[in-house]
Every structure is written in C-alpha cells, then in structure tokens.
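Shown next, in structure tokens, is the structure this report addresses.
The values are calculated or read from the model by the stated rules, or taken from the named source; none is laboratory data. Nothing here was measured: the structure is a model prediction, and the numbers come from that model. Here Cβ is always computed from backbone atoms with ideal geometry, including for glycine, and neighbour counts include all displayed protein chains. Keep in mind that these areas ignore ligands, DNA and RNA; they rest on the heavy atoms of the full protein, side chains included. Shrake-Rupley method; radii C 1.70, N 1.55, O 1.52, S 1.80 Å.
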Amino acid sequence: TQAVTMEQHCGLITGNKKPVPLKSISVTLSINDFVASVSATLNYENEEKVPLEAIFVFPMDEDSAVYSFEALVDGKKIVAELQEKMQAHSVYEDALSQGHQAYLLEEDDYSRDVFSCNVGNLQPGAKVAVTLRYVQELPLETDGALRYVLPAILNPRYQLSEQSANSCLNIKTPIVPLEDLPYTLSMVATITSQHGIERVQSNCSLSPMQYLADDKTSAQVSLAEGHKFDRDVELLIYYNEVHSPSVAVEMGMQDTKPDSLMGAPSAMVSFFPDIPEVEPSKACGEFVFLMDRSGSMGLPTNSQMGSQLRIEAAKETLLLLLKSLPMGCYFNIYGFGSSYEKFFPKSVKYTQETMEEAVKRVKHLKADLGGTEILRPLCNIYKAPSVPGHPLQLFVFTDGEVSDTFSVIKEVKLNSKRHRCFSFGIGEGASTSLIKSIARVSGGTAQFITGKDRMQAKALGSLKFALNSSVNDISLEWDLPAGLSANMLSPKQTVIFRGQRLIIYAQLTGTMPKVESSGEVCLKYTLQGKGLKNRVTFSLQPKANASFTIHRLAAKSLIQTKDLGSHETSEGEKKDVVNISIQSGVLSSFTAFIAINKELNQPVQGPLVPRVIPTPNLYDSLPSVTCAVRSGKFYPNLNSFIMIIRYISFEENVVLQLISLQKANGSWELGENLTKILGTNLGDIKAANPAKDGNPSVWATVLAVLWLHGNGKDLKCEWELLERKAVAWLHDNAGSSIPMLVQAGNSLLKLAVTPAVFGF
C-alpha cells in the first residue's frame, strides 16, 4: 500500500521517457519602484505522433494579480476570457470534444499560490506560445531591499483533509533530476526608480547590471544564458533611498461606468510610518512558538552544499528566542508533524527554572513527527484560556507544505482579534499562500528563509516587532477638492510596526478637478497615548496606464480579504469575489481564463493523450536521498546525506555557547564554563575585578557583553535583544560602577568596546 499512497499523494511517475511538450519559459519583468509587472511566455511543441493535452502545474507568489492570458498560434493571437470557473471548465471540455484547440488557466481550489495551465488538442508537430501577465507588490526586507521571487520549486504537500484530494497538486507529475529538466528559463528585468538603483543581488547567475540612464534611475539585468529552472529565482533590489511616502493616482478605464471599480481613478498610497523607538514594556505577552517537526525539516535550508539543516537552524532560533524574552511574560513551545507535542500543559511564566527546562528540551528536538498536520495544534493553542494582561503572540515556523491552506487561514482569521501571528516559511517551495495569509489576517508579519538567509536573524527581527509597543487608533484622513471623495478599498489597518511599509488602495469618486490641483492624505495613530501624524501631498492628475496596474492590485487586495477557496468562503462572499474578479480581470479561486482556437477543427480520435510537465522539487535534487512515504508526505531518509553535510551545531558555535549560559533575568554567573569561552581562567578573572566585594555576576555579565561586542559583531541582530536585557539588569544591579568595570573588562579581554553600549 505504501507504493500506492506514494503515487496518490506525491504524484510520482518515474521512467516516463516521452518528450515533454514544454520547451522553454521566457519572462519579461518590469519593476517600477516597489511594483513588479511580469509577462511569462510558455513555449510548447508537440514532437509526438498523437494529439496531446499538456498540463503544467506551477507555483506563483500568492500576491500575484494575474490579469491576462493569451495564446499565439501560427502568428494569430487568441485572447482568453475570464469566466466563472465551473463554466470555464465546461466550455473547455466542449471545445476539446468538438476538435478545437483550447487553453485553460486557473488557480488551485485549495491554495492561492498554485496554478495550472492546460493546453488541449496540441496536434502533432504544432507549436504554441501561451503568455500570462500579472502585477505584484514587492515586499520590503529588513535591510531595505525589495524582494522579487519567480518560484520554480513545487514540493509535494501534505493533505489536511479528504476534500483537498481534488487539488491540482495531486495530479501525477513526472519527476526528473534537476539537471535533466527539459525546459530552460530566460528572464530580462528592467528596473526603474526615481530614487536611483544602487545594486541588484540574486541567488542565480546574472549578466552584469547595465544602467539605462546617467542618473542611475533605470537599469537592466538578465539571467545568465542556459539557466535551468531548477530553483526559485530571487532578486533583491536596493535603491539609494526607499523610505519616502508616495501616492500614485491612475486613470480608470474609458468605456466602463465612471463610479465602478475599474472606471473611477484609483490611488495607491504608500507610507513608511516614522514610529519612534520606545522601550518595550517590561512584562507583556504570551509567546507561543509552533515549530514544524515533519520529516522534511530534516532537509538542508537550501540546495547548496554545507547549508545548515532546517531543524538545526530551528533549534538555534528557539534558543535565541527563549533567551530574549522579557522576565514576567508567559511562553510555551509546540512541535508538530502528523501529531503534536507541547513542552508545558499550558503556557508558563518565564522564570529561570522554566527557561532552563525549555532550553534543555530544545537541544533534543528532532524532525521526527511525520506529516505537516498544522491545524490540530493551532486549534489547541486557540482553545487554551488567555492569560489576562498578556496578549497572545504566535510564532509559526514551517516549510509550509500543506495542500489545503484555506482551512488553516480561516482558523487564524477566526481568532485574529485575540492574537498576532508571525510566520516563517522555511526553504524553497514553502507555500506563500499559507505563510503570507496567516500573518496578514492576524496583523503579524511574514518572513521567508531561503538561500543564505538565517532563520535566527529573521525570527529575532519579528520578536522585536512583537515586543514593541503597539500603535493604536490608526486612521486615514483625506483632504481633497470639493466634489471629490476617497472610498477605501483596502481593509482597515489594525496594526503597524516600526520600519515597515504600509500600502493602502482607494478609489477617487466624484468630479476630478479640471485644473491641475493637489490632494493630501494623513495617516494618524497613537503610540503610548501620544497622537502622531504622517502626511503626504500628491498631484491629482491621474496617469494613464495600459495595464491598469493600481486598479488590479487594489482588486487583488479586495479578493484576498474575501476569497478563502471553495470550501471556506460563504456564498455571499463568493458572489462578491466572482464579481470583483470578472470586473477587474484578476483571477481568483472561483474564476478561470479560457481561450478557444476555433480555426483548428480536427475531429478528435479517442481521448487526448495527457502529458504532465515535470516541475522541480527539492527532494529529488539532493544526493543520496531516498524516499519513503508516511501520512501522504515525503519522508526523506537522510542518514547518508547528513554525513556529507557539515553544519554548525550547538557545540561548535561559541557565540551560542555563551548565550546558552545566560540567565533568564539577563545576567551571567561567574564560573568555569564562562571563563573557557572568554579564553582565560577563573583566578585571573577574579583578580582583575575592580569591585572585589561586589556581586560576581555583575562582573561576569560585563565581561560577557564585552565579549559579544568584540567577537560576535556579525550576529548582532540575533543577540541584540538578550544583550539589552543584560544591560538593563546591570543598570539595576551595578549602576554607577559600570564605566569602571567596562574599563577593567576591556583591558582583561584586550578589547576596545565603548562604554556607550552600556548606556554611558
């Protein structure tokens, strides 16, 4: 039965030597400030002697607003129409049965980041090019980069329910080694920004960047020739300045009702709220860490040799998070796979004892819990009674390989009033639909850990957000000429974080002024009882845009708030989604693009031969990985592979060793373990202490903080919070003697760390 399960769930077919009809993919990418416009062309050719139906299931970023699909056959363009999905399916089947050529593009019913494209009745020797176009907001990374990803990796996903058996993810996909992928990818990216382009980085080989303007406001890069589409293509774009608010106004469509979604002008407002940094309140929050321990967490974080195993990175991350929590808060740790385990029956108060016990257990965690059954532990967390005065902050770490993402998103959304969820997608192929949506519906943030990214740094960045005082009473005020008003299209914003961008869409209804004039929009919020404002003035001359980019992004954000797939969306919301989707031309899970080539009229002899296009997945790219299947999910047997990999474990990382000695209150104890790391002996340390009668922990803590600054600078973003805790403890316990201790410590450890790091 195992082999059968494997076919059914993972969709494996091997030894299929038939030629693959997809020959190449070419992508034209145009990035203007933080919006990407993408055109992707799939080139097909049937080299067999029988008519085919080519089926390609591929990943897309969940934020992509797909608005156009067309086919080019013998120089003739056939533009697809967006229709209600069931209707499109029946039109497609009818066309095939009449011998026409037909094309279908749809979003999966269970996950917003998986699409399928069918080319039906591809005759022997025929060539066809199908092109889909989409627009997308680019997320802002913590270092100021904008991140664009063209996903390639589609890993097998775990079925949460029987209903998701119909997902297009369960179409049997041939598996080929990455080096034998039969189609190539070419990509040209043109980048424009008034702020000037500083640099572009990628995980793939790029041609050197060429500036197209002297002031460096536009540039072009392309993928190196012969690129196999064997990994996600990631571009990180750095502008000379990112953080400036702006408003862009776009003209509506000429031939539609002036007050309709596509007829009225649309505005895209982007703010970078200048929120002052405030000391996190001492004891606030119940922090629950939900860690994926399914079999695939035993894989490396990426396909490069020597990359750390996901589970090892997860253990280090948990250790750093545990050490960085404030005294007096509450916490718990869950591990999940096919079943789940929790460290404590319910969240416990953060003390030296509970922290020590949790650290001990973290060190023994393994990726040994089977499939990705995330819904049960989530429900268990939400069922637990709240801790009064400690709002729930949930951190979810997963490789996101779940097919029915909408049921998980719905559960998080139902509980969004009482918690925030910070999500982390680990490794290539993590579901953007799951990771981004659970953060969005609960007012948290989403992070992806791929390539050389460190999970540790990204998790600690999110903990900073969670600890920051929250901004309340967020509202937008528009100041527009008489007769013109702004109608909000984005959902009401309930939370903003320091250092984050905020994008809002609105429709301008009424009469646009005849003469050139301007409007103003003001973002108002309160922080610790103090009212703050950010204003931006903008021109009311709407710009024409043939792709109606802003209108389509606005429609996508409306669709995202209402569309939870066929099983989780109410009838009323479903009607709204279909209406918005068809008006705007933006694909949803209830609509599909359908195109028919009626000029081809070949009577079909028997059923068409299906050819499923292979897509890369990480498990088959790893040397010596053998597969077994349990609970419908890949279960790599990694023993032989782990021998090849050398990763940094707890024992080898000295910075981590020092951190694991820190007490819950932020201090260090003077002892042999600490002196070993400091590279000296206990006698010398005691002799060098200028405050002989003082508390030895004060001296030990000063030395530990000095050592971190002297030897762990590269990882500062990972230990910054626990170092702040140490400095706060020193201020409470050593006060004015700190400068003298710092001077003595610098001289003992032969360092030159400034007393400013201790607040002096």
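List of remarks:
- Label point distance in nm, Val609-Ala691, each placed 7 Å from Cα along Cα→Cβ: 8.3 nm
- Derived scalar couplings ³J(HN,Hα) [region 434-443; Karplus, 6.51 cos²θ - 1.76 cosθ + 1.60; whole Hz; x for Gly, Pro]: 5, 5, 6, 5, 5, 6, 5, 6, 10, x
- Lysines with Cα under 21 Å of Lys514, excluding same-chain neighbours fewer than 8 positions away: Lys257, Lys543
- The Cα atoms of region 293-356 give a gyration tensor whose axes a ≥ b ≥ c have a/c of 1.5 or more with a/b no greater than b/c, which makes the shape oblate.
- Solvent exposure of the chain, expressed per residue, is 40 Å² of accessible area, with all protein chains present and a 1.4 angstrom probe.
- Only helices enter the 222 nm calculation for the chain: every DSSP H run of n ≥ 4 contributes -39,500 (n - 2.57), and dividing by all residues gives -7500 deg cm²/dmol, rounded to 500.
- Taking volume of the Cα convex hull per residue in Å³ as calculated from this structure, the corresponding entry among (i) 169; (ii) 179; (iii) 197 is (ii).
- Expressed as a whole percent, the accessible surface of region 283-407 that belongs to carbon and sulfur atoms is 56, based on a 1.4 Å probe.
- Take the Cβ atoms of Gln201 and Glu241, set R0 to 25 Å, and the FRET efficiency comes out at 0.90.
- For the chain, size of Cβ-based charge dipole, Lys and Arg +1, Asp and Glu -1, in debye: 1440 debye
- Cα-based shape type of region 679-726, given that a ≥ b ≥ c are square roots of the gyration tensor eigenvalues and the cut on a/c is 1.5: oblate
- Net +/- balance of residues flanking Ser64 in space, Cβ distance below 11 Å, scoring K and R +1, D and E -1: -2
- Count Lys and Arg as plus one, Asp and Glu as minus one, and take only other residues whose Cβ is under 12 Å from that of Thr142; the net charge is then +3.
- Which listed pairs, of Lys366/Lys663; Lys360/Lys436; Lys360/Lys716, have C-alpha distances above 30 Å, in listed order: Lys360/Lys436
- Here the contact order of region 332-426, divided by its residue count and restricted to Cα pairs under 8 Å and six or more residues apart, works out to 28 percent.
- Here Lys676 is the anchor, and the aspartates and glutamates within straight C-alpha reach of less than 15 Å, apart from those fewer than 8 places off in the same chain, are Glu651, Glu652, Asp684.
- Within-11-Å neighbourhood charge of Leu463 [Cβ basis; K, R +1; D, E -1]: +1
- Angle between the chain longest axis and helix 696-711 axis [Cα atoms, degrees, rounded to 10]: 40 degrees
- Long pairs among Lys346/Lys458; Lys349/Lys458; Lys410/Lys533, criterion Cα-Cα beyond 31 Å: Lys410/Lys533
- Taking the longest Cα principal axis of the chain as reference, the axis of helix 571-584 is set at about 70 degrees.
- For the pair Phe344 and Asp143 in one chain, pulling the backbone fully straight at 0.36 nm per residue adds 68.8 nm over the alpha carbon distance.
- The value for region 328-418 of Rg(Cα) / (2.2 N^0.38 Å) is 1.15.
- Rounded, prolate or oblate (a/c below 1.5 giving rounded, otherwise prolate when a/b exceeds b/c) for region 369-418 by Cα gyration tensor: prolate
- Once all protein chains are placed together, Glu250 keeps about 10 Å² accessible to a 1.4 angstrom probe.
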